[in-house]
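Working notes, structure below.
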Amino acid sequence: MKRNVQVLLLLFLGVGLLHISLLTDLYLRYVRPGLRPALIASGVLLIVLGAVSAARDGFPFNRPRTDEDQGHD
């Protein structure tokens, strides 16, 4: 999977998790109400990880790749 797809997936999952735990009661179908703070923290963590990865790779993901990044010897 390409790196930019991984970053976007992290961001979208984080936003989706925050949406269902903050704006709707949809999360109650899957977890108990006491786990809401953990869901909010997880959503924030996913967004932060995605943002850090995007910043590290250069936004909009235009950092030139080296052989070390691609795993070649």
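The values are calculated or read from the model by the stated rules, or taken from the named source; none is laboratory data. Since this is a predicted model, take the numbers as computed values, not measurements. We work out accessible area using only protein heavy atoms, side chains counted, and drop any ligands, DNA or RNA first. Shrake-Rupley method; radii C 1.70, N 1.55, O 1.52, S 1.80 Å.
Per residue, how much accessible surface does the stretch 1-53 expose to a 1.4 Å probe? Answer in Å², no decimals. Write out the running numbers ahead of the final one.
Values: 3760 Å² over 53 residues.
I get 71 Å² per residue for this part.
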Quiz prompt | Per-residue ³J(HN,Hα) for the stretch 52-57, Karplus 6.51 cos²θ - 1.76 cosθ + 1.60, θ = phi - 60°, Hz, x for Gly and Pro | solution = 5, 5, 5, 5, 5, 7
Self-check item: Stokes-Einstein D in µm²/s, Kirkwood radius over Cα pairs - the stretch 1-49 at 4 °C with 1.567 mPa s viscosity
Solution: 117
